[in-house]
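The values are calculated or read from the model by the stated rules, or taken from the named source; none is laboratory data. Keep in mind that what you see is a predicted model, and the values were worked out from it rather than measured. Glycine gets a Cβ as well: all are built from the backbone with ideal geometry, and neighbour counts include every protein chain shown.
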Amino acid sequence: MKDPCIHIENLNLRFGLAQALKNVSSTVGSGEIIGLIGRNGAGKSSLLEVLAGLVVPDTGSSQLLGHESRRLPDSLREQLGFVFQDDEMFGWMKVTDHIDVVGAHYRHWDRQRALELAGRWDIPLSQRVASLSRGQRQKLGILLAIVHRPTVLLLDEPASALDPVSRREFLGELVELACDGERTMVLSSHLLGDVERLADRIWLMRKGELIIDERLDELKDGVICLAFQGDAARTLPELQGIVNHREDEWGTVMVARHPGIETLTALEDRFGPQLHIKALNLEQIALELL
Amino acid sequence: MYFDLQSESSTPIYRQIVEQLRRQINGGLLGPGDALPSVRQVAEQHTINPMTVSRAYSLLEAEGLLVRRRGKPMTVAAGLATESSARQRLCLLQPCLEQVAREARQLGLSPDEVVTLLVELMDKEEA
């Protein structure tokens, strides 16, 4: 791994009775793109807020680019970009003024590019922020987060209100940013097709825990669905790594993690046409594991 | 250069690129010295992570199918037995034929019926 860009260790965070984060640890190298997935309330937003230094964890530490998230020097803050769900924008300001107010905080702000993007994304520059549609407002939030070409981008469901065309354009901007291989991103999204396009690594959270932290292609290769027709599965020997198991009139469906090629071949030989082995895409994996 | 990439497939995208390039090189569609589009071009055209593309290219480079030269586009290696044997090329087709075989069986079709349709489809491709 190149220099670690994000380093989190044993993060715990509690809101009243709810454990938002539970022993979350990981290290991300520069240039990696993380897809953060999980059900509502799994802790994705909390994790991103801790990473950004907006929320202090009860225990544990969070570092960005070698500094504690809570105490980033200004020179590093300039290299960050965020899109959060509760965007804090000034509703009474005109869009152009808002762009300039945010831009004033960055040395590498590219005003030309901001205006060009706003034009391309149909964000009306002379309107007040409060009068924008939800999608336009989200696009403005994205624009404000990427125009200074940040080194670290934290995106919390950035495209949830965007139409398919705008979403693809937004993804295109992220790809363009990623092309120099030096920008680190954490993208939380329920749009798993988008995550598959962009992420090289997946963080999967469940009830505050980071239950999967793995390269996307290894995850895809490692989760296998085994469907045994009829009562064939009854004679099945004990299998390693079964994460899900259900039976219905058709037969038995099992989902295994890293069952191993020898096991699969042995099963194929033994059960023949009564066994269907299937690889899964990210959406299907999420449905099985979440 | 044409890639048909499905982001929501169970096959990782880098492997889709690898398989498609391997088919085109083995089938002679891409010949020695032919240049490939840059990582950036493929990533931007398909809106996918550039690392995915470069991983696919590197894999084929390690296999000796592609050659990387500083500051120039990746090219198909020279001196490859480009027209690999029919048997090797058939191997590349096997995964999708296995699926056809499975589905034909589910539909209760005979091998002859399937082959007739396959011949028709290939004639159409040729035309």
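Tell me yes or no: at least one residue of the range B:81-91 is modelled with pLDDT of 85 or more and acidic (D, E). Checked against the condition, which is being modelled with pLDDT of 85 or more and acidic (D, E), the range B:81-91 yields no hits at all. Scanning the range A:144-166 for residues that are over 15 Å from the mean Cα position of the chain (by Cα) and either at pLDDT 95 or above or within 18 Å of A:L48 (Cβ to Cβ) (or both) gives A:L144, A:A145, A:I146, A:P150, A:T151, A:A161. Against the condition free of Cβ contacts under 8 Å to residues at least 24 places away in the same chain, within 14 Å of chain A (Cβ to nearest Cβ) and under 30 Å from A:M185 (Cα atoms), how does B:P95 come out, does it pass? When the stated conditions are applied, B:P95 does not pass them. For the range A:274-283, a residue qualifies if it is at the interface with chain B (Cβ under 9 Å from one of its Cβ atoms) and either over 20 Å from B:C96 (Cβ atoms) or touching a Lys or Arg at 6+ places or on another chain (Cβ under 6 Å) (or both), and the qualifying residues are A:L282, A:E283. When we screen B:Y57, B:Y2 for residues that are under 27 Å from B:S85 (Cα atoms) and buried (at least 17 other Cβ atoms within 10 Å of the Cβ), the only hit is B:Y57.
Looking at the range B:100-114 only, could you name the residues that are farther than 21 Å from A:Q274 by Cα and surrounded by 12 or more Cβ atoms within 10 Å (Cβ to Cβ)? Within the range B:100-114, B:E113, B:V114 meet the criteria.
Each residue in the range A:201-210 was checked for being more than 13 Å from chain B (Cβ to nearest Cβ) and touching a helix residue (DSSP H, G or I) at 6+ places or on another chain (Cβ under 7 Å), and 2 pass. The residue that is surrounded by the most Cβ atoms within 10 Å (Cβ to Cβ), among those in the range A:16-31 that are in contact with a Ser or Thr (Cβ under 8 Å, 6 or more places away or on another chain) and part of a strand (DSSP E or B), is A:L21. One residue alone among A:R246, A:R257 is touching a helix residue (DSSP H, G or I) at 6+ places or on another chain (Cβ under 7 Å) and closer than 28 Å to A:I202 by Cα, and that residue is A:R257. Total residues in the range A:246-273 satisfying the condition of being more than 13 Å from chain B (Cβ to nearest Cβ), in contact with a strand residue (DSSP E or B) (Cβ under 9 Å, 6 or more places away or on another chain) and over 23 Å from A:D217 (Cα atoms): the figure is 7.
Determine, yes or no, whether A:K44 is away from every other protein chain (no Cβ under 14 Å) and over 20 Å from A:A159 (Cβ atoms). Considered against the rule, which asks whether it is away from every other protein chain (no Cβ under 14 Å) and over 20 Å from A:A159 (Cβ atoms), A:K44 comes out as no. Cβ-Cβ contacts under 7 Å between residues 6 or more apart (or on different chains), taken from a first residue in the range A:148-176 that is away from chain B (no Cβ under 12 Å) and within 19 Å of A:I37 (Cα to Cα) to a second residue that is surrounded by fewer than 16 Cβ atoms within 10 Å (Cβ to Cβ) and of a type in the set (D, E, K, R), are listed as A:A161/A:R134. Note on the range A:158-180: residues that are farther than 18 Å from A:L80 by Cβ, assigned to a loop (DSSP other than H, G, I, E, B) and not polar (S, T, N, Q) amount to 5.
Kindly indicate whether any position in the range A:134-147 is in a loop (DSSP other than H, G, I, E, B) and buried (at least 19 other Cβ atoms within 10 Å of the Cβ). Taking every residue of the range A:134-147 in turn, at least one turns out to be in a loop (DSSP other than H, G, I, E, B) and buried (at least 19 other Cβ atoms within 10 Å of the Cβ). Return yes when A:G66 is under 21 Å from the mean Cα position of the chain (by Cα), modelled with pLDDT of 90 or more, surrounded by fewer than 21 Cβ atoms within 10 Å (Cβ to Cβ) and farther than 22 Å from A:R206 by Cβ and no when it is not. No, not satisfied. Of all residues in the range A:231-290, those that are modelled with pLDDT under 85 and among the basic types (K, R) total 1. Within the set A:G222, A:G230, A:G181, the sole residue that is within 8 Å of chain B (Cβ to nearest Cβ) and in contact (Cβ under 8 Å) with a residue 24 or more places away in the chain turns out to be A:G181. Take the residues of the range A:184-200 that are within 10 Å of another protein chain (Cβ to nearest Cβ) and not aliphatic (A, V, I, L, M): which is surrounded by the fewest Cβ atoms within 10 Å (Cβ to Cβ)? Filtering the range A:184-200 for residues that are within 10 Å of another protein chain (Cβ to nearest Cβ) and not aliphatic (A, V, I, L, M), the one surrounded by the fewest Cβ atoms within 10 Å (Cβ to Cβ) comes out as A:G193. Select from the range A:45-99 the residues that are touching an Asp or Glu at 6+ places or on another chain (Cβ under 7 Å) and either under 30 Å from A:R111 (Cβ atoms) or in contact (Cβ under 8 Å) with a residue 60 or more places away in the chain (or both) and list them in ascending order. Passing the criteria: A:S45, A:L48, A:V83, A:F84, A:Q85.
Of all the criteria given as (1) more than 19 Å from the chain's Cα centre (by Cα); (2) among the aliphatic types (A, V, I, L, M); (3) closer than 16 Å to A:L154 by Cβ, the one not satisfied by A:I33 is (1).
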